[in-house]
Amino acid sequence: MSLLNPEYKIDESSMSMVGANEYEMIELKTDNNVVTNDQVFRISLKDQSSYTNLSKSYLELKFRLTKAADGGVFGAADRITLRKSVMSLFSRATLRINQQQVESIEDVALAKSIQSLLLFSQDYSTSTATNQFYYKDTGNLGTDAAAQRAYDHAELDGNAADANSLAIVENPLHNSGFVKREAKTRQSKVVTCWLPLGHVFGFCTVDKVVVNQECSIELTKSQPAQHLQRLAATDDGKVEVQKLSWWVPRIRPAPEVDLALKSQMSAGLESEFMYHTWNAYTSTNLVGGQNTFRVLTTSEDIQYAFAVVRVAAKAQGTNAECAYRSDITEAEARLNGRVYPVRRYDQLMSGNDAGAEGTSRVYSSLLSYMGRGDDFSSGIQLSYDEFIGQATNGTTGQFIIPFDFTSKESNFSGSPSNLEVLITPSAAAVAAVTQVSVVVVSKRRAVLSYSGNKALVSVA
């Protein structure tokens, strides 16, 4: 059988897409008119006569940073801003449809920090993601003078009198992420950012319309020490949320589409949503030798886990907990008793900047997530050097240990899944008072069963 190239099909009729007669974004406000000092934000979509598509919806957040003591404005010399991105502002996020919880995210800041590093390409992170107040941390991830200085200079031939005798080089400690975020919030300037709801909830990544359903979002604010990063000489701060709203599309389909959909709904239509949800869990302080952290025992269909070791202390004036440490000797995971990977990650420490043999293996495994390892057109944001850090120039690593469970046996019985992560830290990591945090990626299935106007929501 032979196929004809489309350019030669000159006798074919043109095709047209049957879509919507109206597709407008409407703004939904929080339950409270004044949200400056609220700790929990709730927004509801109660217009049950229109179609909407949650995957096309956005959160709009307007905020500024003020002094914690008196709400005063920060000065020009003060240096304070949000950690990582605007997602660090929340500790918990919940999505409900018809009062039924379809997704709940624990430790939003950590889960979305790891998700952003793995899913965002370099192009996306430097363009679209900046509207989410996302700027990747680099260098030593810190806030000190070295982190804020983009370039260094050194004398050539011992002669600094001549400007041409200076070598201008990039400063490896420069934290471009902190500098860019701080410049936007300096002197308590108001910042507005837009956040795709699909980046918050996996359910909202599914491109399907819903109709006649009450949808609601609940966001819980994290503690200031968990979302603020500052110079030691700068006063403690707080975030004043001036506005939080939810922009959702109001859709009026073409009459033939509307009639077809409502006919299916009256006959008992089932609309299926398959998605991934990200949750983060943190252990107690690590001790010497092998540490076993039992993450959860539930019926979740676990697909991946990403483990990081970081400092336990939380304070606005420090940046140590921003780093994911690489001073680990071995790591493995056990899901329902089976070890992943078959050969544990070992030989993870090295005395040189090239990294030990095992670190290259971990980085390669990390790239295999989303098929980034052999995709020449894309990749993740972390270079290998940023991944491990380099001891000689003082840069701090962002060492993420991946565990892939996608090839596990199917759990048809729905019995609980027991996940354990085993980490052997170095003596230095134990002395620094560290914890292991694990981001678990689980597959979820939600079904909206329509029977008339209201849908019965079930989640598995």
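The values are calculated or read from the model by the stated rules, or taken from the named source; none is laboratory data. Quantities reported herein were computed from a predicted structural model and do not represent experimental measurements. FYI the Cβ positions are ideal-geometry reconstructions off the backbone, even for glycines, and counts take in every protein chain you see.
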Exactly one of Ser378, Ser365 is under 26 Å from the mean Cα position of the chain (by Cα) and part of a loop (DSSP other than H, G, I, E, B), and that one is Ser378
Hey, can you tell me all the residues within the stretch 404-451 that are surrounded by fewer than 16 Cβ atoms within 10 Å (Cβ to Cβ), touching a Lys or Arg at 6+ places or on another chain (Cβ under 9 Å) and part of a strand (DSSP E or B)?
Asn418
For the stretch 377-398, pairs from a residue that is of a type in the set (Phe, Trp, Tyr) to a residue that is outside any loop (DSSP other than H, G, I, E, B), with Cβ under 8 Å and 6 or more apart or across chains, are Tyr384/Ser360; Tyr384/Tyr363; Phe387/Thr359; Phe387/Tyr363; Phe387/Leu366; Phe387/Gln398
Among the residues in the stretch 431-444, are any under 30 Å from Ala260 (Cα atoms) and modelled with pLDDT of 90 or more?
yes
Say whether the condition of being farther than 26 Å from Asn418 by Cα, buried (at least 19 other Cβ atoms within 10 Å of the Cβ) and under 25 Å from the mean Cα position of the chain (by Cα) is met by at least one residue in the stretch 341-352.
no
Does Lys46 satisfy the condition of being farther than 30 Å from Asn175 by Cα, surrounded by 15 or more Cβ atoms within 10 Å (Cβ to Cβ) and among the basic types (Lys, Arg)?
no
Restrict the check to the stretch 1-23 and report whether at least one residue is surrounded by 13 or more Cβ atoms within 10 Å (Cβ to Cβ), under 23 Å from Asp207 (Cα atoms) and in contact with a Leu (Cβ under 8 Å, 6 or more places away or on another chain).
no
Could you list, in sequence order, all residues of the stretch 117-152 that are among the hydroxyl-bearing types (Ser, Thr, Tyr), closer than 12 Å to Leu382 by Cβ and touching a Phe, Trp or Tyr at 6+ places or on another chain (Cβ under 9 Å)?
Ser125, Thr138
Is it the case that Ser57 is of a type in the set (S, T, N, Q) and surrounded by 20 or more Cβ atoms within 10 Å (Cβ to Cβ)?
yes
Condition first: in a strand (DSSP E or B) and either free of Cβ contacts under 8 Å to residues at least 40 places away in the same chain or of a type in the set (S, T, N, Q) (or both). Now tell me which residues in the stretch 19-64 satisfy that.
Asn21, Ser44, Thr52
Just one of the numbered conditions (1) over 30 Å from Ala260 (Cβ atoms); (2) of a type outside the set (Val, Ile, Thr); (3) in contact with a Leu (Cβ under 9 Å, 6 or more places away or on another chain); (4) at pLDDT below 90 is not true of Glu420; which one?
(4)
Answer yes or no as to whether Leu228 is aliphatic (A, V, I, L, M) and out of contact with any helix residue (DSSP H, G or I) (no Cβ under 8 Å at 6 or more places or on another chain).
yes
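Quick grid of which residues meet (1) of a type in the set (Lys, Arg); (2) part of a helix (DSSP H, G or I):
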| position | (1), (2) |
| --- | --- |
| Lys238 | yes, no |
| Val241 | no, no |
| Leu244 | no, no |
| Arg250 | yes, no |
| Val257 | no, yes |
| Ala260 | no, yes |
| Gln264 | no, yes |
| Gly268 | no, no |
| Phe273 | no, no |
For the stretch 200-209, state whether one or more residues are in contact (Cβ under 8 Å) with a residue 24 or more places away in the chain, loosely packed, with under 15 Cβ neighbours inside 10 Å, within 23 Å of Thr143 (Cα to Cα) and not aliphatic (A, V, I, L, M).
no
Residue among Lys46, Lys62, Lys9 that is basic (Lys, Arg) and touching a strand residue (DSSP E or B) at 6+ places or on another chain (Cβ under 6 Å)
Lys62
Could you list all residues from the stretch 287-334 that are at pLDDT 85 or above, assigned to a loop (DSSP other than H, G, I, E, B) and more than 19 Å from Val439 (Cβ to Cβ)?
Val287, Gly288, Gly289, Gln290, Asp327
